[in-house]
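To start, the structure itself, in structure tokens.
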Number of protein chains: 2
Amino acid sequence: MERYLGFLFCLLVSASAVSDWNILHQKTKNGLMISLKNYCESWKMNVELHNIREFEVVPDECVGYIGKYMTSIQYQVDSERAVHESIVYLSTSCSLKNDGRDAWIFDIDDTLLSTVPYYKKHRYGGEKLNLTSLEEWMSKGKAPALEHALNLFNELKARGVQIILVSSRREHLRSATIDNLVDVGYHGWTGLMLRGADDELKGVKEYKASARKQLIDEGYRIWGIVGDQYSSFEGLPSARRTFKLPNPLYYLF
Amino acid sequence: MERYLGFLFCLLVSASAVSDWNILHQKTKNGLMISLKNYCESWKMNVELHNIREFEVVPDECVGYIGKYMTSIQYQVDSERAVHESIVYLSTSCSLKNDGRDAWIFDIDDTLLSTVPYYKKHRYGGEKLNLTSLEEWMSKGKAPALEHALNLFNELKARGVQIILVSSRREHLRSATIDNLVDVGYHGWTGLMLRGADDELKGVKEYKASARKQLIDEGYRIWGIVGDQYSSFEGLPSARRTFKLPNPLYYLF
């Protein structure tokens, strides 16, 4: 937290002026005069570039900016474009064999289902994660679908690709997760892998890499992964392609 | 090219209105009403997320948007933040041995030296690459430094890290490149690897991965890579960390 709050900036004006995003009122180490919008946009961009890693909270002064983004058309368009690129790839670069072993992996949270309604009540990532509270919310099964992801999901199904959901949600949420997914329109997946007790000892990256290994050992060809976290892609074995959805709310590792 | 021009959008108004970035006048496949700014920002974001790959030109309608970004404070702040994260990593997570084998890799173009003055005259990536013309510009040795990268370069040197430049520039540009680098303040690197005749048969990714292999075989520990292209990071062997600078002007692979 301190790392981000402390970043390069010296506030030159009082906090009361901070609400105007475009006023140039901060100075970087190298003397650039920048606005709070410049600062928060660069924070978001560097999260997506994977230059900023393992952050625990959204910087306090950027909570408003990130909240605005996550509820904006821009967030929807950014996600839609990622999904569009998956479909372009699927249509032009995948030689599907249709033998029941063509596979595609999805994350669940902020890939198929949105946690934005939860984070809306928790300062858009500006509060440290409270797992009990988040799981309580998940257990209600009220997360809405990310509409574009649902389109891709259905497109994959129509092409005969096996859909495997690999999530860092824990096993005790299995039934609530299935109900939630079905309620908002997802059905017909081939596998739903959640974190068992053993998996909880691993980091998310290791858990997801070992899930891929298991799938490949079973003969699946993993054509693509869609996820909102770099920990869904990293490590070996990898997939042929990965598609990263934007998500500046939290970081899983 | 067609792939991007053809994207999801139907223009609902005449091209004359296109100059107003914020007017909602396009409709995505899923019916979202969006502005040209939304569209071009999502194109840029998905380039940086590495969802859009192997593009040959910046989409014609986004040339203005990308040109504005590349000459903006925002581009500078985004780059500065990436460099800042490199320094945080260097200070907190690298156990340097100071035995002359701690190494750091940099790209050259749009990492140490800026090609923006060239692309300014070539529609900010809206024209297909003309290698002859680009190399002619490079041979003049007038590319300015990216100031933040110069700071990192000097910081690494001060800490005794060996700096290796691995660039996809061709060998015949060696002397112009050295002159240019020294002129704008870079000196004291350990190695400058350019593409020889053999390397030109490989893709950039393969060439850069084999350069890393060579360095590791020579006993170097590659702590980090700073580059503006994903082809500078991908493939094996990899570095402990990578830092991606934004660059929506072109794609090397």
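The values are calculated or read from the model by the stated rules, or taken from the named source; none is laboratory data. All values derive from a computational prediction rather than experimental measurement. Here Cβ is always computed from backbone atoms with ideal geometry, including for glycine, and neighbour counts include all displayed protein chains. Heads up: the accessible areas ignore ligands, DNA and RNA and are worked out on the full protein's heavy atoms, side chains in. Shrake-Rupley method; radii C 1.70, N 1.55, O 1.52, S 1.80 Å.
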Enumerate the calculated ³J(HN,Hα) couplings along segment A:129-137 in order (Karplus 6.51 cos²θ - 1.76 cosθ + 1.60, θ = phi - 60°), each rounded to whole Hz, writing x wherever the residue is Gly or Pro.
4, 10, 4, 4, 5, 5, 5, 4, 5
Under 28 Å between alpha carbons, and skipping anything fewer than 8 positions from A:Lys121 in its own chain: which lysines qualify?
A:Lys37, A:Lys44, A:Lys68, A:Lys140, A:Lys142, A:Lys205, A:Lys244
Mean per-residue count of partner chain Cβ within 10 Å for B:233-245 equals 2
In degrees between 0 and 90, to the nearest 10, how far off the longest principal axis of chain A does helix A:73-92 point, with axes built from Cα atoms?
30 degrees
Mean residue ellipticity (222 nm) of chain B, computed from DSSP H runs ≥ 4 via -39,500 (n - 2.57), nearest 500
-11000 deg cm²/dmol
Carbon plus sulfur fraction of accessible area for segment B:16-163, probe 1.4 Å, in percent:
50 percent
Would you be so kind as to list the residues of segment B:50-84 that have their accessible area lowered by at least 30 Å² in the full protein complex compared with their chain by itself (1.4 Å probe)?
B:Asn51, B:Arg53, B:Ile73, B:Gln74, B:Val77, B:Asp78, B:Glu80, B:Arg81, B:His84
So, for the protein assembly as shown, what is the accessible surface per residue at a probe of 1.4 Å, expressed in square angstrom?
41 Å²
Which of rounded, prolate or oblate describes the protein assembly as shown when judged by the alpha-carbon gyration tensor and an a/c cut-off of 1.5?
rounded
What is the dipole size for segment A:36-244, taken about its Cα centre, with +1 at each Lys and Arg Cβ and -1 at each Asp and Glu Cβ, in debye to the nearest 20?
280 debye
For the pairing of chain A with chain B, what total accessible surface becomes buried, with a 1.4 angstrom probe, in square angstrom to the nearest 100?
4100 Å²
To the nearest whole number, what is the average tally of beta carbon atoms from other chains within 10 Å of the beta carbons of peptide A:118-130?
0
Ignoring ligands, DNA and RNA, what percent of the accessible area of segment A:186-253 is carbon or sulfur (1.4 Å)?
53 percent
Would you pull out the residues with amide H under 5 Å of A:Gln162's amide H, same chain only if 5 or more places away, H placed 1.01 Å from N?
A:Asp102, A:Ala103, A:Trp104
Hey, for A:Ala158 with labels 7 Å out along Cα-Cβ, what do the inter-copy distances come to in nm, ordered shortest first?
5.8
Highest average packing first - A:185-198, A:211-224, Cβ atoms within 10 Å
A:211-224, A:185-198
Between copies, how far apart are the A:Glu135 label points? List them in nm, one decimal, shortest first, with each point 7 Å from Cα toward Cβ, please?
6.1
So what's the gap between the Cα centers of segment A:141-164 and segment B:67-84, to the nearest angstrom?
36 Å
The alpha-carbon center of segment A:176-253 and that of segment B:165-216 are separated, in whole Å, by 38 Å
Using the Karplus curve 6.51 cos²θ - 1.76 cosθ + 1.60 with θ = phi - 60°, what ³J(HN,Hα) values do you get for each residue of segment B:216-229, in whole Hz, with x for Gly and Pro?
5, 4, 7, x, 6, 9, 8, 6, x, 10, 10, x, 10, 10
If you count, for every residue in A:37-44, the Cβ atoms of partner chains within 10 Å of its Cβ, what is the mean?
4
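Shape of chain A from its Cα gyration tensor (a ≥ b ≥ c, root eigenvalues): rounded if a/c is under 1.5, otherwise prolate when a/b > b/c, or oblate?
Judged from the Cα gyration tensor, chain A comes out prolate (a/c at least 1.5, a/b above b/c).
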Rounded to whole angstrom, how close does the nearest chain B beta-carbon get to the axis mapping B onto A, and which residue is it?
B:Glu48, 3
Shape category assigned to segment B:150-232 from the gyration tensor of Cα positions, a/c cut at 1.5:
oblate
What residues have an amide H closer than 5 Å to that of B:His25, excluding those fewer than 5 places away on the same chain, when H is modeled at 1.01 Å from N in the peptide plane?
B:Ile34, B:Ser35, B:Leu36
In whole Hz, the Karplus estimates of ³J(HN,Hα) for segment A:139-150 (6.51, -1.76, 1.60; θ = phi - 60°; x where Gly or Pro) are 5, 6, x, 10, 6, x, 6, 7, 4, 5, 5, 4
Are there any trypsin sites (Lys or Arg not before Pro) in segment B:44-137 that are in a DSSP loop and have at most 16 other Cβ atoms within 10 Å? List them by number.
B:Arg53, B:Lys97, B:Arg101, B:Lys121, B:Lys128
Position A:Ser210, label points 7 Å along Cα→Cβ, spacing to each other copy in nm (shortest first, one decimal):
3.7
